[in-house]
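For reference, the structure discussed in these notes is given below.
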Amino acid sequence: MSILGNRVLRREDPALITGEGAYLADLRLAELDGAVTVAFVRSPTAHALIESIDVSEALEMPGVLAVFTAAELDLPAPRKRLAWIPDEFTRPWIAVDRVRFVGEVVAVVVAETPAQAEDAIEMVIVEYEPLDAVVDPVDALADGAPLLFESFGSNLACTFEEELAEGEIAADIFAGCEVVVEADFVNQRLAAVPLEGRATAATWIDGRPTVWISCQGVHGARNFLAGGLGIDRNDMRVIAPDVGGGFGAKISPYAEDLLVVWVSRQLGRPARWIESRGENLVAMGHGRDQRHHVRIGGRRDGRVTAYQLDVIANAGAYPTMGAFLPTFTRLMAPGTYDIAQVETSASVVVTNTMSIEAYRGAGRPEATAAIERAMDLFAAEVGLDPVEVRRINLLPAHPLPITTATGAIYDAGDYGGALDAVLEAADYTALRAEQARRRHTGETPWLGIGVSTYVEITAGGGVPTEFGAVTVRDDGSAVVRTGSSSHGQGHHTVWASLVSDQTGIPPERIEVIHGDTDVVAKGGGTAGSRSLQLGGSAVYTAAIELVERAVPLAAQLLEAAAEDVRLDADRGEFHVVGTPAISIGWAKLAAEFPDDMAVETDFVATGPTFPFGAHVAVVEVDPETGLTRLIRHVACDDAGVIVNPLLADGQRHGGIAQGVAQALLEEVRYDPDGNPMTTTLADYTFISACELPSFELVSHETPTTHNPLGAKGIGESGTIGSTPAVQSAVIDALAHLGVRHLDMPCSPERVWRAISGVS
């Protein structure tokens, strides 16, 4: 009997919840005995020239072994991450003559203990000549704005615009619209806040570095670190121990990670760095931070015919992933809607803030937030219910791929079906009736109802491929090697289930290995909700091939024709049709044919997938304080075929929580001089279970044809659908006051100001 589709419990959890897991700070390995502590002197100012650095007093501190500045580095120049970004905008390993954000590394302190290193940091004396800073990306584009890179002459890193043929004149897509609504939105800056911050340890053995790093993919990390050191990637081993969350911000290593490896080489000793929470909040990549100008137009009957989205993306001081994410925002601009004419553009801007990296959804939540708010504003303008306007404009159900106005090729989808399912589960009609009753009687708290639909791209960006391998040992157990990387997703459980489903080997006898470049030859890691559809499919197809290879071998031992031999997947044994009592198990095959019991595969999907869904959020707003409480959240997230509902629901729960957090609470803030104002979890309002109801999850499965599992990504869906639903619910609660829009987060102060009419 197949275990796929069942709520199989996570096999990873017992070790993690009993303290037997090994996060990087927990590693007690012989290779790391005597490891020195690496700590970083960071800029306290957002923009300044470095006049001098005096390390003499720090070097005299107890336990201090070395202090390094940019002058001591013997590393190749950093490589820029994106080809289209100007060379000048590349971040140095250590600030050379100028700092461009608070938290930028100015010097590296090495000591015997963490306490000694922290004390020594305070004794590195850096003289700065302050420069004017710019934080807001719109301000950064203004004439006379402070320039981060004076030699380039502009804060505009790059642009993405509609391409016109030579001599072609852009048409006015809003000509003939009966209604046109225009608005500006802020999709605020967020911090990923993984429970484990960044961490790196390194040692050099016989001239070859071994690096342990908290990351989302060891092969990408190895390539980055080897390139930074100027060595061949095969001359480095990278290992990811248990990783305490990533959310996109750990996809790529940082300058600090490379410097730890370099310090280990310089001193000839193992080195370790564990990031503090304060460092994490100011110097780990942030997410989102886009400004949107939208225009939406159409007919008074609710039909939308034109949509324009102009994005200004704040890339931070040094453009990295933040300069790529607007391409996803533009691609997914029309969302689930059949809009005939869509125009998009994006400008990527540098400011005196930390760089933007990927963060759960990475470019797609921004697109959904914009189009969903635009739909609500359009509905309000034409006087229709927001659900009715959505139904009028949704793309029709399509079992085959369709191409949108922005060139995205959506695989199978049924957006109306998802919307109907979530509205029924929420009893939308009853919710509206209750809202009307409260408004009529003046009862408080006020009730708000928000609805969103969404579609996103997963396993996008480049060729959708992943490595997988299955080997049967001579005791009949199996080992799976995967290029994917687990940091909470449950790969050990699902990969073992996939192999067990095909081979009949019990899941508890299947070991799953990942996160070691010396053991797993290659891999793309975990990002963009790619794991199951690519990594899982790689393992699944390897298991299928293994069985196909084993059948004729079993036939030899059974002295039968291969076409007469079957695998009993319930027992994990091969037998001749009609004679199940005489059988051959995997152990026997592995003993007789050891070289044939290993299969490796590079699975390549036929395209990215497009999960979709719909959410309904219900909030209560206290008119006296502006405090908002989310009292219900109903979500329908269609990720194709669900292999393990328990794990899929867990991903949905986590995603919804983070999406709600953006709508109501979280925001990385800087003052006008570039000083970060959210440097602790007392300032950055990280969401907890106390602020959340139990989520109501609705099932909906529309298989894809792009992989053999029929699966789409699930890791980001909850985040993408929940944010606009909750934001719209808050605004809906205030709609009777004439409030049409509030930027996120919808904090009590912001809501109170809207209620009170205070700007």
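The value given for the range 1-109 is a Kirkwood hydrodynamic radius of 18.5 Å, derived from the mean inverse Cα-Cα separation. For q = 0.14, 0.15, 0.18 Å⁻¹, what log10 I(q)/I(0) does the range 378-528 give under the Debye formula with an equal point scatterer on each alpha carbon and no solvent? Normalising to I(0) and taking log10 leaves -0.89, -0.93, -1.08.
Here's the list of lysines a cross-link from residue 712 could span, going by alpha-carbon distance under 23 Å and ignoring same-chain residues fewer than 8 apart: 250, 522. The share of accessible area on the chain that comes from carbon and sulfur is 52 percent, using a 1.4 angstrom probe.
When the charge dipole of the chain is built from unit charges on Cβ atoms (+1 for Lys and Arg, -1 for Asp and Glu) and taken about the Cα centre, the candidate among 113, 347, 733 whose Cα reaches farthest toward its positive end is 733. In the range 115-231, a dipole from Cβ-located charges (positive for Lys and Arg, negative for Asp and Glu) runs towards its positive end, and of 140, 218, 123 it is 218 whose Cα lies farthest in that direction. Ranked by the mean number of other Cβ atoms within 10 Å per residue, highest first, peptides 120-126, 455-461 order as 455-461, 120-126.
What accessible area per residue, rounded to a whole number of Å², is obtained for the chain using a probe radius of 1.4 Å? Solvent-accessible surface per residue comes out at 38 Å². Sequence-distant contacts, meaning Cα pairs under 8 Å at least 6 residues apart, place the relative contact order of the range 224-347 at 17 percent.
How would you order 724-734, 609-619 from highest to lowest mean count of nearby Cβ atoms within 10 Å?
Values: 724-734: 27.9, 609-619: 29.9.
Averaged packing, sorted descending, gives the order 609-619, 724-734.
From most to least packed by mean Cβ count within 10 Å, the peptides 469-479, 441-451, 591-601, 323-333 give 323-333, 469-479, 441-451, 591-601. Here's the picture: charge each Lys and Arg Cβ at +1 and each Asp and Glu Cβ at -1 in the chain, and of 634, 67, 228 the one pushed furthest to the positive end of that dipole is 634.
For the chain, what class follows from the C-alpha gyration tensor (a ≥ b ≥ c being the square roots of its eigenvalues): rounded when a/c is under 1.5, otherwise prolate if a/b is larger than b/c, else oblate?
Working: a/c = 1.81, a/b = 1.08, b/c = 1.68.
Cα axes put the chain in the oblate bin.
Which value at 222 nm does the chain reach when only helices count, each DSSP H run of 4 or more adding -39,500 (n - 2.57), with the total divided by all residues and rounded to the nearest 500 deg cm²/dmol?
Numbers: 18 runs with 201 residues, N = 759.
Counting only the DSSP helices, I get -8000 deg cm²/dmol.
Quick check on the range 187-279: take the gyration tensor over C-alpha atoms, sort the square-rooted eigenvalues as a ≥ b ≥ c, and tell me if it's rounded (a/c under 1.5), prolate or oblate. The shape class here is prolate.
Under the classification rounded if a/c is under 1.5, otherwise prolate if a/b is larger than b/c and oblate if not, where does the range 507-621 fall, given a ≥ b ≥ c as square roots of the Cα gyration tensor eigenvalues? If you can, show how the numbers build up before the last one.
On the way: a/c = 2.80, a/b = 1.97, b/c = 1.42.
Because a/c hits 1.5 or more and a/b exceeds b/c, the range 507-621 counts as prolate.
Among the chymotrypsin sites (Phe, Trp or Tyr not before Pro) within the range 124-165, those in coil by DSSP and having at most 16 neighbouring Cβ atoms inside 10 Å are 152. Net charge in the neighbourhood of residue 269 (other residues with Cβ under 14 Å of its Cβ; Lys, Arg +1, Asp, Glu -1) is -1. The magnitude of the dipole of the range 29-119, with charges of +1 and -1 set on the Cβ of Lys/Arg and Asp/Glu and taken from the Cα centre, is near 660 debye. The spacing between the range 137-162 and the range 566-610, judged by their C-alpha centroids, is 59 Å.
Suppose a student asked you for the relative contact order of the chain, using Cα pairs under 8 Å spaced at least 6 residues apart; what percent would you report?
Computed value for the chain: 15 percent relative contact order.
The accessible-area ordering, largest first, of the residues 409, 239, 53, 17 stands as 17, 409, 53, 239, per a 1.4 angstrom probe. Note on residue 424 and residue 568: the extension gain reaches 47.6 nm, defined as 0.36 nm multiplied by sequence separation minus the Cα-Cα distance.
Are there GluC sites (Glu not before Pro) in the range 1-72 that DSSP puts in a loop and that have at most 12 other Cβ atoms within 10 Å, and which ones?
Numbers: sites: 12, 20, 31, 51, 57, 60, 72; in loops: 12, 20, 60.
Here the sparse-neighbourhood loop sites are 20, 60.
Under the convention that each Lys and Arg Cβ holds +1 and each Asp and Glu Cβ holds -1, the size of the dipole of the range 320-450 around its Cα centre is about 260 debye.
Roughly how many debye, to the nearest 20, is the charge dipole of the chain about its Cα centre, given +1 on each Lys and Arg Cβ, -1 on each Asp and Glu Cβ, and no other charges?
1000 debye
For the range 532-648, the relative contact order comes to 19 percent (Cα pairs under 8 Å, sequence separation of at least 6).
The values are calculated or read from the model by the stated rules, or taken from the named source; none is laboratory data. Computed from a prediction, not measured in an experiment: that's the story for all the values here. Cβ coordinates were reconstructed from backbone atoms using ideal geometry, including for glycine residues, and neighbour counts include every protein chain displayed. Ligands, DNA and RNA are stripped out before the accessible areas are found, and what is left, the full protein with its side chains, is counted by its heavy atoms. Shrake-Rupley method; radii C 1.70, N 1.55, O 1.52, S 1.80 Å.
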